[in-house]
Structures are given as C-alpha cells and as structure tokens.
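These notes concern the structure reproduced below.
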Amino acid sequence: MRAGELLVGTAGAIAAAVQARTISAAAMVDASLARIGAIDPAVNAFTDVVAERARARAAALDKRLAEGDEGSAALPLAGVPFAVKNLFDVAGLTTRAGSKIEREKAPASVDAPLVARLERAGAVLVGGLNMDEYAYGFTTENSHDGPTRNPHDLARVAGGSSGGSAAAVAAGEVPVSLGSDTNGSIRVPSSLCGVFGLKPTYGRLPRNGSYPFVASLDHLGPFARSAHDLALVYDAIQGFDRADPACVERGLEATAATIGEPVDGLRIAVLGGWFRELADGSARAAVDCVATALRAHREVELPRVESARAAAFLISNAEGAALHLADLRSRAGDFEPLSRDRFLAGALLPAAWIVQAQRLRRWFALRVAEILREVDVLIAPATPCVAPTIGSETIEIHGRRLPARPSLGLLTQPISFIGLPVCAVPVWRCHATMPIGVQLIAAPWREDLVLRVAHHLQQAGVVDAPVAALTASR
Amino acid sequence: MDRERIEAYVDAAAAALDLPLAPAHRPGVLAYFALAAELAEALAGAPLGIGDDPAPVFTPIAPDDPPEAGSASSR
C-alpha cells in the first residue's frame with residue numbers, strides 16, 4: 001500500500017506497516033508533509049510545520065529498523081505522523097498559544113512531556129496547530145492566524161479551541177493529534193469536524209510543557225479517526241509527572257489491549273434534562289442513534305447542571321483573566337478581539353462568586369458519583385448543533401437564539417467541570433451534510449470503558465470518521 | 001445586578017486593580033460582566049452547607065520532597 005493511502009487510514013495500520021518495513025517512516029512523513037502542503041492552504045489547521053525535524057527523526061527510526069533493532073520494531077506508533085495544538089512546547093518553536101503576545105517570547109527549549117512520550121512510542125511530530133487565543137473560545141476563529149475551516153465544509157467553523165487538532169485529523173493531514181480541553185475544547189471540535197476525541201480524567205495526564213488556560217480545569221488529550229487509535233495514543237502518553245501539581249500518581253492503565261471486549265452487561269443511560277433541552281434535532285437524533293445501538297433505554301438527570309455550567313464559566317473567566325492580568329493592564333489591544341472583553345471582565349469578578357463556584361464543584365462531583373454507582377456509561381450530545389458557518393454570532397436551539405461562541409460548550413462544560421473521562425464519537429446522517437458528536441462519559445479513571453464503547457459503536461458502523469473529500473484545487 | 005450597579009462596580013474594580021478599560025473595550029466588558037453576574041445568580045440557590053469545602057485541596061511541599069521533573073517551560 002502506498003504511503004498516501006496509509007496516511008488516510010489508521011495509525012495502527014501505519015505502525016504495523018512501518019514495523020514490518022513494508023513502508024518507511026520517511027515515506028509516511030513525506031506523505032503527511034505533501035498533504036499538508038496541498039490541503040492546508042484551504043483548511044488552515046497548521047501554524048507551524050517542522051519538516052526538517054520530522055524528516056531527520058523518521059530517517060533515524062528507519063535506520064534503527066534496518067539495523068534490526070527489536071525495540072524500534074515493537075514501537076506501537078512507529079512512523080505515525082502527528083501534530084499538536086500550538087500551546088504544546090516544541091523545542092525550537094515559540095509556544096504561541098494562539099496569541100500575538102506570546103510569539104514575542106523565546107522558543108521552547110524542550111518538547112512537552114506528551115510530545116516526547118509520543119515520539120518515544122515511534123510517532124513523528126510534523127507541526128503545530130491553530131487554536132483560539134489562549135484556548136478561550138469554541139470556534140478557532142483566530143484573528144491573528146485566520147480561522148481554521150471545517151474540512152467537511154470550508155464555510156463552517158472547525159470548533160475550538162483545539163480546532164486545528166480536529167481539522168488536521170478530519171482532513172487526513174495526520175492520523176492523530178493532541179489538543180487541550182478546559183470546557184469542551186477537545187469534544188466540541190471533535191463533534192463539529194466528525195472525529196474521535198478523548199478527554200481523559202482530570203489529573204490523568206501531565207500538563208507541564210503546555211501553555212495553561214485554567215489550571216483548575218485544564219486537561220490534555222488526543223484526536224483520531226478511530227477509537228483504537230485514540231487508545232494507542234492514550235496508552236503511549238500516560239504517566240505521572242511531578243511538575244504538574246494536578247497530575248495524579250497512577251500506574252499505566254492500558255486500554256488498547258482490552259478495547260475489543262464486549263459491552264454487554266455495561267449499564268448505559270442517556271442524560272436528560274439540560275442535555276436534551278439544549279440539543280437541536282440533529283444532536284438529539286445522534287444521541288438516539290447511539291442509545292438505540294447500545295440498547296440504552298434508561299434516562300437519568302444530573303442535579304443542578306445549570307449551576308455547574310455557570311460555575312465552570314466563572315472559574316474559567318476569573319482564572320484565565322488572572323493569568324493574563326499584567327498584559328491586560330498594559331496591552332489589552334494586542335489580545336484577540338473575540339475574547340479580549342471577556343478576559344477583561346473576568347479580571348473583575350468578585351472573589352465570593354469564585355469560591356462558591358469551587359464549593360459547588362465538589363458538591364456536584366459528589367452527587368454525580370452517586371449516579372455513577374448505578375451507571376457505567378452516560379450518553380449526551382457533544383454540541384447543541386452541527387458546525388455553524390464562520391462568523392456566526394448566534395445559534396438557534398428550539399426557537400431560543402443563543403450567542404454562538406460560548407454556547408457551543410453548553411453540553412461539555414458541566415462534565416469537564418468535574419473531570420470525568422469522555423470520548424466524543426462522530427455520528428453522521430443526523431444532518432444533511434455534517435457530522436455531530438456524542439459524549440460517552442464514565443466515572444473517573446474509566447477511560448477504558450468509554451473507549452471500549454466507542455470502539456464497539458465504530459465496529460457496528462454507528463459512528464465513523466471518514467477523511468474529508470478535499471482536493472488541492474478546492 | 002442592574003446596569004447602573006454593574007457600571008459602578010466595573011469602573012471601581014478596574015480602578016482598584018489598575019486595569020484601564022479603553023472606551024472601545026468598556027461596552028464589551030460591561031456586557032460580559034453582566035453575563036457573569038447572571039451566571040453567579042444561578043449559583044446563589046445551590047444547597048451548599050458549612051461542610052461543602054471548595055474542590056481544590058492544597059498539598060504541602062516538604063523540603064525533602066523530590067524536585068519537579070519534566071519540562072516546565074510553559075507551566
């Protein structure tokens with residue numbers, strides 16, 4: 001099989017071919033770089049391409065394989081090209097975090113731990129990806145670098161804030177990528193671009209070497225076009241790192257090896273209330289489709305979801321603003337116009353609101369834990385609707401007109417607020433042309449369950465992540 | 001919180017924080033502060049008791065704890 005065909009397949013198949021030396025890592029990197037060159041002017045997922053570094057590392061891997069190095073031949077992601085949201089440190093690149101201000105800083109001296117771990121597993125970094133400035137947004141309409149366009153319809157947003165990470169995977173430029181999720185920034189773009197995304201449990205993956213947004217709520221995680229690829233990447237990046245004070249010391253809990261285990265016997269329920277009321281017809285149909293396939297007939301409601309969402313908004317607003325207070329004082333005009341005023345307002349929030357929000361966080365986590373004693377996996381829509389067109393100011397849900405940019409996260413925010421692991425899975429045929437995502441949610445540390453259910457749904461043909469039909473001339 | 005109180009609070013808090021609000025930015029700041037105030041009201045009725053501590057828990061760091069590992073250039 002040619003490298004170009006493998007590139008639009010799975011990471012697992014690429015690694016198997018590179019391990020067997022039926023294709024070289026160098027050929028895979030060249031295929032990725034060629035597709036980025038041909039497609040990305042239309043999509044605008046990439047802000048940095050590290051061609052020289054990628055070619056050198058691929059050549060070094062090929063050399064070790066040619067010499068019969070057994071360790072290299074066993075690498076689970078051998079020769080798999082990947083890219084990362086541009087808030088990850090990449091040695092030699094300035095960590096811009098989608099901003100104008102940060103690009104004045106010195107380049108990072110070392111790779112972020114998750115980048116290094118993926119490369120230790122054989123993957124090869126090819127570049128950095130577009131995002132909302134400082135991760136504060138759900139659309140990746142970045143005024144400094146231009147909007148990332150949805151590969152399935154270039155007139156629509158890719159979602160955000162990890163829009164480049166989802167779009168690069170949907171466009172077939174790379175099979176896997178990394179992003180971050182504070183309030184939905186992995187799950188929203190996964191939903192809008194029709195790819196799989198994993199937001200692990202809060203504290204599961206170390207965040208040092210990534211530019212922070214809201215330390216209380218920040219998570220990192222992967223994107224892919226299959227649940228099995230998500231598991232391969234997730235397994236490769238697990239591990240404690242003391243440099244992130246929120247990182248929890250847990251051993252490797254591998255997921256790829258058990259992903260094919262049956263889902264029979266799992267207690268699966270649909271989230272009602274808030275998660276039904278704020279979903280339009282396409283989003284509800286996607287949930288119904290997944291629920292039917294899983295024979296999930298039970299509906300449960302979480303208590304005070306509206307308060308949980310409000311609390312997540314307030315904590316994000318205040319912590320994010322405090323982080324940038326010095327620049328907000330001295331150079332507010334250099335911030336992204338779409339989020340600048342929100343940051344400025346966040347700097348002024350009364351302390352009592354934030355402390356109450358943090359108290360509610362623990363209260364809500366305790367209540368939801370009670371529900372998760374009775375249910376293994378919860379199903380909810382990932383976004384209220386499919387991708388809006390670029391520049392949309394509002395979305396309409398059952399006659400209610402809502403501001404587009406903050407409202408795309410209404411259904412993801414209450415879940416990340418209490419750090420539960422979620423796999424977003426892409427559903428088609430619920431809208432005339434576009435995909436929409438469904439969240440599979442489990443108790444903390446049960447990434448294995450959401451990945452297993454996602455894999456089962458993909459094997460059954462219920463969810464899928466086809467590469468967008470883009471050509472260089474489009 | 002009505003508009004008048006929001007304007008008074010925002011201007012006073014911005015002055016206290018030494019955070020200048022450019023005339024072009026102030027209307028947006030007022031609108032987002034009003035949104036935050038509305039959301040804070042959604043929290044006001046939460047059934048929090050005296051035993052409901054905030055979620056973050058601080059971990060003390062002893063002098064002989066191992067040094068931080070990994071790269072930390074951005075965090």
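Do you know which residues across region A:214-246 are hydroxyl-bearing (Ser, Thr, Tyr) and surrounded by fewer than 24 Cβ atoms within 10 Å (Cβ to Cβ)?
A:Ser216
Would you confirm, using the coordinates I've provided, whether A:Asp62 is closer than 30 Å to A:Ser161 by Cα and buried (at least 18 other Cβ atoms within 10 Å of the Cβ)?
Here the answer is no, as A:Asp62 does not meet what is asked.
Pick out, from region A:145-207, the strands (runs of 3 or more DSSP E) lying fully within it that include 1 or more residues that are within 20 Å of A:Ala286 (Cβ to Cβ) and touching an Asp or Glu at 6+ places or on another chain (Cβ under 7 Å).
By residue number, A:153-157, A:196-199.
Given the options A:Ala42, A:Ala27, A:Ala38, name the one that is without any contact (Cβ under 8 Å) to a residue 40 or more places away in the chain, in a helix (DSSP H, G or I) and farther than 26 Å from A:Asn208 by Cβ.
A:Ala27
Confirm whether A:Arg359 is facing chain B (nearest Cβ under 9 Å), within 15 Å of B:Leu21 (Cα to Cα) and not small (Gly, Ala, Ser).
Judged against the criteria, A:Arg359 is not a match.
Can you tell me how many residues within region A:63-92 are in contact (Cβ under 8 Å) with a residue 40 or more places away in the chain and on the phi < 0 side of the Ramachandran plot?
Qualifying residue count, region A:63-92: 20.
For residues that are farther than 19 Å from A:Ala357 by Cβ and among the small types (Gly, Ala, Ser), tally how many sit in region A:408-433.
So the answer is 2.
Check region A:279-302 and report whether any residue there is touching a Phe, Trp or Tyr at 6+ places or on another chain (Cβ under 8 Å) and either of a type in the set (Ser, Thr, Tyr) or within 13 Å of another protein chain (Cβ to nearest Cβ) (or both).
No, that holds for no residue.
State the number of residues belonging to region A:364-384 that are farther than 18 Å from A:Gly184 by Cβ and either touching a residue at least 24 places away in the same chain (Cβ under 8 Å) or in contact with a His (Cβ under 6 Å, 6 or more places away or on another chain) (or both).
8
Filter region B:15-26 for residues that are surrounded by 11 or more Cβ atoms within 10 Å (Cβ to Cβ) and not aliphatic (A, V, I, L, M); which is nearest to A:Ser330 (Cα to Cα)?
B:Pro20
Considering only residues that are crowded, with 24+ Cβ neighbours inside 10 Å and out of contact with any Phe, Trp or Tyr (no Cβ under 9 Å at 6 or more places or on another chain), look in region A:420-436 and name the one that is nearest to A:Asp235 (Cα to Cα).
Among those residues, the one meeting the criterion is A:Val422.
Of all residues in region A:97-115, which are assigned to a loop (DSSP other than H, G, I, E, B) and crowded, with 24+ Cβ neighbours inside 10 Å?
Once the filter is applied, which keeps residues that are assigned to a loop (DSSP other than H, G, I, E, B) and crowded, with 24+ Cβ neighbours inside 10 Å, region A:97-115 yields A:Ala97, A:Gly98, A:Ser99, A:Ala112.
If the Cβ limit is 9 Å and pairs must be 6+ apart or interchain, which residue in region A:328-354 that is more than 7 Å from chain B (Cβ to nearest Cβ) and in contact (Cβ under 8 Å) with a residue 60 or more places away in the chain pairs with which residue that is in a helix (DSSP H, G or I) and aromatic (Phe, Trp, Tyr)?
A:Phe335/A:Tyr134; A:Phe335/A:Phe343; A:Glu336/A:Tyr134; A:Glu336/A:Phe343; A:Ser339/A:Tyr134; A:Phe343/A:Tyr134; A:Phe343/B:Tyr32
Looking only at region A:17-59, count every residue that is surrounded by fewer than 22 Cβ atoms within 10 Å (Cβ to Cβ), β-branched (Val, Ile, Thr) and under 14 Å from A:Val174 (Cβ atoms) and tell me the total.
Within region A:17-59, residues that are surrounded by fewer than 22 Cβ atoms within 10 Å (Cβ to Cβ), β-branched (Val, Ile, Thr) and under 14 Å from A:Val174 (Cβ atoms) number 2.
Working carefully through the options B:Ala62, B:Ala46, find the one that is more than 17 Å from the chain's Cα centre (by Cα), facing chain A (nearest Cβ under 8 Å), at pLDDT below 95 and in a loop (DSSP other than H, G, I, E, B).
Result of the check over B:Ala62, B:Ala46: B:Ala46.
Give the residue that is surrounded by the fewest Cβ atoms within 10 Å (Cβ to Cβ), with candidates limited to residues of region A:255-274 that are in contact (Cβ under 8 Å) with a residue 60 or more places away in the chain and aliphatic (A, V, I, L, M).
Per the stated criteria, the residue is A:Leu266.
Yes or no: region A:164-179 includes at least one residue that is at pLDDT 95 or above, in contact with a strand residue (DSSP E or B) (Cβ under 9 Å, 6 or more places away or on another chain), closer than 20 Å to A:Arg309 by Cα and not hydrophobic (A, V, I, L, M, F, W, C).
Looking through region A:164-179, none of the residues is at pLDDT 95 or above, in contact with a strand residue (DSSP E or B) (Cβ under 9 Å, 6 or more places away or on another chain), closer than 20 Å to A:Arg309 by Cα and not hydrophobic (A, V, I, L, M, F, W, C).
Could you count how many residues in region A:435-466 are of a type in the set (A, V, I, L, M, F, W, C), out of contact with any Lys or Arg (no Cβ under 7 Å at 6 or more places or on another chain) and more than 30 Å from A:Asn317 (Cβ to Cβ)?
Qualifying residue count for the region: 8.
Would you mind stating whether A:Ala91 is surrounded by fewer than 21 Cβ atoms within 10 Å (Cβ to Cβ) and either more than 21 Å from the chain's Cα centre (by Cα) or part of a helix (DSSP H, G or I) (or both)?
In short, yes.
The values are calculated or read from the model by the stated rules, or taken from the named source; none is laboratory data. Model, not experiment: these values are computed from the prediction. We place every Cβ from the backbone using ideal geometry, glycine too, and count neighbours over all the protein chains shown.
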